[in-house]
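Working notes, beginning with the structure itself.
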Amino acid sequence: MSSVNLTIADKVLSINGELSRHSLALINKNNYSNCFSFDHVTVDLSAVTKVDTAGLAWLFYLLEQSIAHSCEITFMHLPEKLYKLIALSGVNGLLPVTVSE
């Protein structure tokens, strides 16, 4: 069964589990909407175990919501599969990604 867990601490939205069309249906907007009240939020994807095109689209939705709320957003620790989806989708450079060391 697909599952995803979101936690917010110190302006970091941590995503744990799958970002797929199955798991995204389980996400309650109330679990993350308050993160846009900050001036900046970082989305940590280090614990994402699976991602598909629906997951990539949801990340763009987060970007759209951050812009609507005047909140700067960055994504960090992208899984390799997500980098491949970004390249295949032709959206390189559109997500603000922080490169980790």
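The values are calculated or read from the model by the stated rules, or taken from the named source; none is laboratory data. Worth saying up front: this structure is predicted, and the values here are computed from it rather than measured. Please note: Cβ atoms are built from the backbone with ideal geometry, for glycine as well, and neighbour counts cover all protein chains shown.
Evaluating VAL41 against the criteria (1) among the β-branched types (Val, Ile, Thr); (2) surrounded by 13 or more Cβ atoms within 10 Å (Cβ to Cβ); (3) part of a helix (DSSP H, G or I) leaves one unmet condition, (3). When ASN5 is tested against (1) part of a helix (DSSP H, G or I); (2) surrounded by fewer than 18 Cβ atoms within 10 Å (Cβ to Cβ), exactly one condition is not met: (1). Given the condition in contact with a Gly (Cβ under 8 Å, 6 or more places away or on another chain), at pLDDT 90 or above, of a type in the set (Ser, Thr, Tyr) and not in a loop (DSSP other than H, G, I, E, B), answer yes or no: does some residue in the range 22-34 qualify? Yes, because at least one residue in the range 22-34 is in contact with a Gly (Cβ under 8 Å, 6 or more places away or on another chain), at pLDDT 90 or above, of a type in the set (Ser, Thr, Tyr) and not in a loop (DSSP other than H, G, I, E, B).
Conditions tested, residue by residue: (1) in contact with a helix residue (DSSP H, G or I) (Cβ under 6 Å, 6 or more places away or on another chain); (2) surrounded by fewer than 17 Cβ atoms within 10 Å (Cβ to Cβ); (3) assigned to a helix (DSSP H, G or I).
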| residue | (1), (2), (3) |
| --- | --- |
| SER14 | no, no, no |
| LEU45 | no, no, no |
| LEU56 | yes, no, yes |
| LEU59 | no, no, yes |
| SER70 | no, yes, no |
| PHE75 | no, no, no |
| LEU88 | no, yes, yes |
